[in-house]
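Taking it in order: structure first as structure tokens, then the write-up.
The values are calculated or read from the model by the stated rules, or taken from the named source; none is laboratory data. The structure presented is a predicted model; accordingly, all values stated were derived computationally and were not measured. All Cβ positions, glycine included, derive from the backbone under ideal geometry; neighbour counts span all protein chains shown. Accessible surface areas use protein heavy atoms only, side chains included; no ligands, DNA or RNA. Shrake-Rupley method; radii C 1.70, N 1.55, O 1.52, S 1.80 Å.
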Amino acid sequence: QVQLVESGGGLVQPGGSLRLSCATSGINFSMYVMGWYRQAPGKQRELVAVISRGGSTNYAESVKGRFTISRDNAKNTVYLQMNSLKPEDTAVYYCNATWAYDYWGQGTQVTVSS
């Protein structure tokens with residue numbers, strides 16, 4: 001059974017930081033491209049960051065320089081370090097694993113508000 005379980009979301013003030021984690025099981029993690037997506041109320045889901053099997057990364061323009069995606073193949077886990085958070089970063093953040101199949105986590109809420 002494949003599971004992607006996100007954690008680390010919460011309420012943070014503007015300028016603050018959060019670190020999201022996505023622990024996976026049931027997949028050959030090292031073979032998957034891993035990504036973080038987000039969906040704000042009334043908006044479509046959008047790509048935030050992606051990391052390849054080899055560790056290459058890509059980011060949405062809106063988060064470049066503030067967010068960092070990383071992966072630990074030994075722990076089957078992908079992370080998203082989010083710094084200098086802004087109110088417009090408020091969304092449900094989803095973990096995605098893509099290779100032969102496409103898997104999603106259940107999402108974790110991030111709220112940036114004073």
Q | Candidate set: the stretch 3-16, residues that are open to solvent by 50 Å² or more (accessible area, probe 1.4 Å) and among the aliphatic types (A, V, I, L, M); chosen: the one nearest to Tyr79 (Cα to Cα) | A | Val5
Q | Tyr37 touching a residue at least 40 places away in the same chain (Cβ under 8 Å) and touching a Leu at 6+ places or on another chain (Cβ under 6 Å) | A | yes
Q: Being within 22 Å of Pro14 (Cβ to Cβ) and assigned to a strand (DSSP E or B) is the filter; apply it to the stretch 90-107 and report the residue that is most open to solvent (accessible area, probe 1.4 Å).
A: Val92
(Q) Suppose we keep only residues that are open to solvent by 60 Å² or more (accessible area, probe 1.4 Å) and either over 20 Å from Ser30 (Cα atoms) or acidic (Asp, Glu) (or both) within the stretch 63-80. Which one would you say is farthest from the chain's Cα centre (by Cα)? (A) Gly65
Q) Of the residues that sit in the stretch 17-31 and are in contact with a strand residue (DSSP E or B) (Cβ under 9 Å, 6 or more places away or on another chain) and either aliphatic (A, V, I, L, M) or in a loop (DSSP other than H, G, I, E, B) (or both), which one is nearest to Asn76 (Cα to Cα)? A) Ala23
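Among the residues of the stretch 74-89, how many are in a loop (DSSP other than H, G, I, E, B) and in contact with a Lys or Arg (Cβ under 9 Å, 6 or more places away or on another chain)?
Here is the first cut: in the stretch 74-89, the residues in a loop (DSSP other than H, G, I, E, B) are 74-76, 83-86.
Now drop any that are not in contact with a Lys or Arg (Cβ under 9 Å, 6 or more places away or on another chain), which leaves 83-86.
Selection size over the stretch 74-89: 4.
Looking at Val110, Val48, can you tell me which residue is part of a strand (DSSP E or B), touching a Lys or Arg at 6+ places or on another chain (Cβ under 7 Å), surrounded by 14 or more Cβ atoms within 10 Å (Cβ to Cβ) and not small (Gly, Ala, Ser)? Reasoning before the result, please.
Details: Val110 fails: touching a Lys or Arg at 6+ places or on another chain (Cβ under 7 Å).
Every option except Val48 fails the conditions.
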